[in-house]
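Trainee: First the structure, which I've put down as structure tokens, then a few questions once you've had a look.
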Amino acid sequence: MTLQLRHVTKSFGEQTALRDVDLSVDYGEVHALVGQNGSGKSTLIKLLSGYHQPAPGAEAELDGRPFQLGSTHAARAAGLRFVHQDLALVLQLSILDNMMLGRPYPVGLAGRIRWREAADRAGGYLRRVGVDVDVRSPVGSLSMSERTAVAIARALSDTGHGRLLIVLDEPTAAMPAGDVDRLLESIGRLRAEGHGVLLVSHHLGEVLGIADRITVLRDGRVAASVPSGDVDQRRLTELIVGHSALASDAGTRQPAAQGDGDRGAVLRVRRLAGGRIRGLDFAVRAGEIVGVAGITGSGRESLAPLLTGGLPHRGEIEAASSVLAPGRPRGVVAAGVAAVPGERARLGVFPNLGVRANMTISQPERHRRWGRIVRSAERDEVETWIDRLGIVTQGPDAPMPTLSGGNQQKVLVARALRTRPKVLVLDDPTQGIDIGARAQIHEVIERCAAEGIAILLVSTDSDELARLSDRVLILAGGRLARTLERGPGLTAKSIDASQLNTTQGPAFAAATSRSEGTEGES
């Protein structure tokens, strides 16, 4: 037995986050830990890593030897390695420097660092997780999925201890299908090499595909611990939420009325370029949900920032008959465009402010009278949104860090919707949140479409795209490779296949050819 935890309890004031939890993880297995946000998963990982101390009575063993649960030194000495959701990367440093943090560089006889050897080692581990980039590049220049890969590669490279127990906390949250598949293959190789893997994930399809055993936490308790072969996705969902599985993710909404070309379009994009986008044309009509998919480097990561003023653009963006100026976020809002950004913690949440300030910062002047904000009116509006979106919080002024990831995301959705937008740009809106919050946000998206809002849904979640979209744009090489229309052929599998170029058509081949011919252009 690699890791054995018994009677683990942890409370924060009057709130009990974990109650008498037992967990075991073997070498040579992938053990998945699943549950809704607030179920206790993050608290358990923080106890393992030494960030929190357990209540008296907790027992922990590694290879039959007791160790101090809640000690960073004890965890590392025993061979525990962690890849947390925040990744613990220094964005200003190079990939190589990040991978070598806390470790000695290889040196020659004269004491000089052997840079080529260090770079070759780092590059080799990165390629194991499907990323081939110049390790001299700053981490801040990478996409979220590439940063995640760097953090995972750093954990993989620390094998001098022998067999490791590697804890992966939502490693695929920001990854498109191709990257996910490569990462899961790498996890399988770790298992074959005899390492133990504790995988925390909301992606149940991935869990069922890679895990040997699954432990479900619900309300701080172990609800079930079962071999993965004993459950399917519906049963696993029931164990997580505590009642019958939520409605199927098969598309249930009525598709938007089809127009003639881009007639009736609220959002029109012509010859768009910038970031990794190299020439893109599309339109979104009122009440339509248009999905966008693509592997890392396809341009998917650049699209939402280009449309919302986060990146300067070339070409033309027209929203509600207003042409948007490049790199001008205020003009975007004035034109009726609202956005929920990707990378919630970095781009969306103001952690030092409460729920009310985070929500109303999109239009702080709405409740201003005679130069002063009417706090009572502002509070009433915030409470209305809390009720409407089912935000679980201690109150309108609760600090944002006290909310779960799903509830923080709902605050960002409310921030966007309170501007009464005509166009809503969503960038991975359910990344890293639990099943219940995911379903609630999907309902909000469908409701917005029914009210006539034009929605652009950029997502790395193919199931989400298949469920919600009227059509899905597949990007490759910064261009539109193909369009999948709503119908029996629009499935998560067809979206994945299109991204991976396994069902290539003429448009896809042409886009790929053009992108290869222009490699290195900006």
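Trainee: I'm told Leu33 meets every condition in (1) buried (at least 20 other Cβ atoms within 10 Å of the Cβ); (2) touching a strand residue (DSSP E or B) at 6+ places or on another chain (Cβ under 8 Å); (3) part of a loop (DSSP other than H, G, I, E, B) except one. Can you identify the failing condition by its number?
Mentor: Evaluating Leu33 over (1) buried (at least 20 other Cβ atoms within 10 Å of the Cβ); (2) touching a strand residue (DSSP E or B) at 6+ places or on another chain (Cβ under 8 Å); (3) part of a loop (DSSP other than H, G, I, E, B) leaves (3) as the failure.
Trainee: Hey, does the range 318-335 have a residue that's in a loop (DSSP other than H, G, I, E, B), in the same structural domain as Ile445 (by TED's automatic domain parsing) and closer than 23 Å to Thr460 by Cβ? Break it down into steps so the answer makes sense when it comes.
Mentor: Restricting attention to the range 318-335, the residues satisfying the condition of being in a loop (DSSP other than H, G, I, E, B) are 320-321, 324-328, 335.
The next check asks that each one be in the same structural domain as Ile445 (by TED's automatic domain parsing); those that pass are 320-321, 324-328, 335.
Among the residues that remain, those that are also closer than 23 Å to Thr460 by Cβ are: none.
Within the range 318-335, none of the residues are in a loop (DSSP other than H, G, I, E, B), in the same structural domain as Ile445 (by TED's automatic domain parsing) and closer than 23 Å to Thr460 by Cβ.
To keep it simple, each residue is scored yes or no on (1) more than 30 Å from Pro138 (Cα to Cα); (2) outside any helix (DSSP H, G or I).
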{"residue": "Ser39", "(1), (2)": "yes, yes"}
{"residue": "Leu44", "(1), (2)": "yes, no"}
{"residue": "Leu47", "(1), (2)": "yes, no"}
{"residue": "Gly70", "(1), (2)": "yes, yes"}
{"residue": "Ala74", "(1), (2)": "yes, no"}
{"residue": "Asp86", "(1), (2)": "no, yes"}
{"residue": "Gln92", "(1), (2)": "no, yes"}
{"residue": "Asn98", "(1), (2)": "no, no"}
{"residue": "Leu101", "(1), (2)": "no, yes"}
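Trainee: Same structure, new question: Considering every residue within the range 402-414, establish whether at least one is free of Cβ contacts under 8 Å to residues at least 60 places away in the same chain and surrounded by fewer than 19 Cβ atoms within 10 Å (Cβ to Cβ).
Mentor: yes
Trainee: If you don't mind, another one. Is it the case that Pro396 is under 15 Å from Pro351 (Cα atoms), in a helix (DSSP H, G or I) and touching a residue at least 12 places away in the same chain (Cβ under 8 Å)?
Mentor: Numbers: under 15 Å from Pro351 (Cα atoms): yes; in a helix (DSSP H, G or I): no; touching a residue at least 12 places away in the same chain (Cβ under 8 Å): yes.
It is false that Pro396 is under 15 Å from Pro351 (Cα atoms), in a helix (DSSP H, G or I) and touching a residue at least 12 places away in the same chain (Cβ under 8 Å).
Trainee: Would you check if His202 is in contact (Cβ under 8 Å) with a residue 60 or more places away in the chain, crowded, with 22+ Cβ neighbours inside 10 Å, of a type outside the set (A, V, I, L, M, F, W, C) and over 18 Å from Lys41 (Cα atoms)?
Mentor: On the way: in contact (Cβ under 8 Å) with a residue 60 or more places away in the chain: yes; crowded, with 22+ Cβ neighbours inside 10 Å: yes; of a type outside the set (A, V, I, L, M, F, W, C): yes; over 18 Å from Lys41 (Cα atoms): no.
No: the conditions fail for His202.
Trainee: Hey, does the range 128-140 have a residue that's in contact with a strand residue (DSSP E or B) (Cβ under 9 Å, 6 or more places away or on another chain), farther than 25 Å from Leu198 by Cβ and crowded, with 17+ Cβ neighbours inside 10 Å?
Mentor: Checking the range 128-140: at least one residue is in contact with a strand residue (DSSP E or B) (Cβ under 9 Å, 6 or more places away or on another chain), farther than 25 Å from Leu198 by Cβ and crowded, with 17+ Cβ neighbours inside 10 Å.
Trainee: Moving to a separate point now. Is it fair to say Pro421 is outside any helix (DSSP H, G or I) and over 14 Å from the mean Cα position of the chain (by Cα)? It would help to see each step written out before you state the result.
Mentor: Working: outside any helix (DSSP H, G or I): yes; over 14 Å from the mean Cα position of the chain (by Cα): yes.
When the stated conditions are applied, Pro421 passes them.
Trainee: In the range 336-383, what residues are touching a residue at least 60 places away in the same chain (Cβ under 8 Å) and assigned to a loop (DSSP other than H, G, I, E, B)? Steps first, answer last, please.
Mentor: Within the range 336-383, the first condition is being touching a residue at least 60 places away in the same chain (Cβ under 8 Å), and the residues that meet it are 336-345, 348-349.
Listed by number, the residues that qualify are Gly336, Pro341, Gly342, Glu343, Val349.
Trainee: Part of a loop (DSSP other than H, G, I, E, B), at positive phi, at pLDDT below 90 and in contact with a strand residue (DSSP E or B) (Cβ under 9 Å, 6 or more places away or on another chain) - does that describe any residue in the range 2-14? First the steps, then the outcome.
Mentor: From the range 2-14, those part of a loop (DSSP other than H, G, I, E, B) are 2, 13-14; that's our starting set.
With the extra rule that they be at positive phi, the set shrinks to 13.
In the following step, the residues that additionally are at pLDDT below 90 were identified as 13.
Subset that is in contact with a strand residue (DSSP E or B) (Cβ under 9 Å, 6 or more places away or on another chain): none.
There is no residue in the range 2-14 that is part of a loop (DSSP other than H, G, I, E, B), at positive phi, at pLDDT below 90 and in contact with a strand residue (DSSP E or B) (Cβ under 9 Å, 6 or more places away or on another chain).
Trainee: Ok, one more. Can Leu246 be described as surrounded by fewer than 20 Cβ atoms within 10 Å (Cβ to Cβ) and modelled with pLDDT under 80? Give the steps one after another, and end with the answer.
Mentor: On the way: surrounded by fewer than 20 Cβ atoms within 10 Å (Cβ to Cβ): yes; modelled with pLDDT under 80: yes.
Yes, satisfied.
Trainee: What is the residue count in the range 188-202 for residues that are at pLDDT 85 or above, of a type outside the set (Gly, Ala, Ser) and farther than 15 Å from Phe82 by Cβ?
Mentor: Qualifying residue count for the region: 1.
Trainee: Sort through Thr393, Thr384 and tell me the only one that's in contact with a helix residue (DSSP H, G or I) (Cβ under 7 Å, 6 or more places away or on another chain), among the β-branched types (Val, Ile, Thr) and within 23 Å of Ala339 (Cβ to Cβ).
Mentor: Numbers: Thr384 fails: in contact with a helix residue (DSSP H, G or I) (Cβ under 7 Å, 6 or more places away or on another chain).
Result: Thr393 is the single residue among Thr393, Thr384 that is in contact with a helix residue (DSSP H, G or I) (Cβ under 7 Å, 6 or more places away or on another chain), among the β-branched types (Val, Ile, Thr) and within 23 Å of Ala339 (Cβ to Cβ).
The values are calculated or read from the model by the stated rules, or taken from the named source; none is laboratory data. All values derive from a computational prediction rather than experimental measurement. A quick note on method: Cβ atoms are made from the backbone with ideal geometry, for glycine too, and the neighbour counts reach across all protein chains shown.
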